Amino acid sequence: MTKTLEFAYETPQEVKVGDDETTFTLVCKNEDLPVDLTTAKLITVKIGNRSGYLRGQLISIDSLAELPIGQFNFSFDKDTLDNFPTGNYCLEVWVTDAQGTSIYPSGNPLNFIVTTNIENSSGATITTIAFDDFVKAMNKAASTIAKGDPGEGLDIKGQVTSVSELPTTANEGNGYLVNEELYVYASGVWKDCGTIQGPQGIQGKTGTGISSTTIQYQISNSATTSPTGTWSNSIVATTITNPYLWMKATLNYTDGTTKDFYLVSQKGDKGDKGDTGTVDNTGLTTAPAFVELKTQVDNSAVGTNLLTNSNFSSGLNYWTVNKGTNADCKAVVTTDSDGDTCIHITGTGNMCGLYRWAVSFNQNQVTTGSVLVKGTGTVNYVGLENRAFSKFGTISTESYSKVGSTMQAASNTNAFCIYFNPVDDVIDVYIKFAKLELGSHATDWSANPKEILTKSDYAKIEAAIVALGGSLS
């Protein structure tokens, strides 16, 4: 499955060093469909550059509120960009749920740019001093100069914020600072003598950042002295002889140096056996958590057939004939040359076939409908009524082939339909083994679990509930 990670429309794709209010809005997709992130237990944004992994930042599940499916907001924490040089970076999103961890995107990570701010930009250094200190320094310098012939010297009188505030008349050589500009009165006018500015300072040393981090594990019989044996990249199970698990985190810096940090943990002793519990059977089966769990089990297993009588072993039980646009569609239960029960559908109009009421789905849940068919006709669609779909498969007159459609379910109950259109005004097809399942791929046909629960299975379930103090009637 192809997983992608994108910036949402009009979201920024760069951030300045130290800016913790710029927000990236990111979109996770699977097979070009938005991923429902509300079921995730953990969402982590991991950041790296050309050197490798740098650090990660957790995303609050609460930040998904009021955002479209598949989107979440990511703002940099104050410490996340600390010591990041400006330049190009990349990120991945790790989503952990009940099935495991998915990494978005499947291919190259998503790129973004860290730009400089005014504090870390290179440029000429402007030395700022108090006006009184400046006057004292100038007068001290003047006192060291040997006296010559009397002449007009520089006499700084004060400081103003704009040229319009300069006196209209002054003595020759009088000076004023206008912000950082020095104006001197000469020949009856004020002249701008330029900015008072020192020379450019020496460029500072390049900062040192973290290029990568390595985590390793080792077990030991000591909780105070770090082990000296071989470190493993995977967690090692503790033993009675070595009950302490040590973790070594090695920080690799961009200047080639490293630093190790150690953490130690211990496996606890086995606790005393608890008292035998009792079960409130009615409370158990009606508790919201139990009902929610049952709903998840019923609706989450990819490959589970959600239709009953999907092999037409009970004829057209649960199924209704859709007469089509010419109102002449017919459906007859028969047996094909393979010995399977099938339905022979004939007619001349569009949308000839069968439909039945299916189950309720969560909004935007992806489903796939399929059926085996042979004969004359084309697929109108096989799936949930009035939903956008994409068809797959073609009908052969010689042998059975699998056809169907993939679509997103609505939030209410949908009708499941198997409809055909004519070829040269004729529909004459045989169908068998219908299936509706979660996910975007059609798997091999299987019966609905409710139709294949054996007496042995029932006895096992009943025995387990009775052992807990409940009953199953």
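Taken together, the values in this text are just the output of simple stated rules run on the coordinates, not laboratory data. Everything quoted here is computed from the prediction, not taken from an experiment. Neighbour counts are summed over all protein chains in view; Cβ atoms, including those assigned to glycine, are modelled from backbone coordinates with ideal geometry.
Taken along the Cα-to-beta-carbon direction at a fixed 7 Å, the label points for Ser164 and Ser63 span 4.8 nm.
Taking 0.36 nm per residue of separation and subtracting the current Cα-Cα distance, fully stretching the chain between Glu21 and Asn171 would add 48.6 nm. For the peptides 341-352, 257-268, the ranking by mean Cβ contacts within 10 Å, running from highest to lowest, is 341-352, 257-268.
Partners of Lys432 within straight-line reach, counting lysines whose Cα lies under 29 Å from its Cα and excluding those fewer than 8 residues away in the same chain: Lys323, Lys330, Lys374, Lys391, Lys402, Lys450, Lys455. Of all lysines in the structure, those lying under 17 Å Cα to Cα from Lys78, and not within fewer than 8 positions of it along the same chain, are Lys16, Lys46.
Determine Rg/Rh for segment 154-196; Rg is computed over alpha-carbon atoms and Rh is the Kirkwood hydrodynamic estimate from the same atoms. Can you show the working numbers first?
Details: Rg = 9.0 Å, Rh = 10.0 Å.
Ratio value, two decimals: 0.90.
Can you tell me, using C-alpha contacts under 8 Å and at least 6 residues apart, the relative contact order of segment 320-452 as a whole percent? Display every interim value, and only then the final one.
Values: 376 pairs, mean separation 40.1, N = 133.
Normalised by residue count, the contact order of segment 320-452 is 30 percent.
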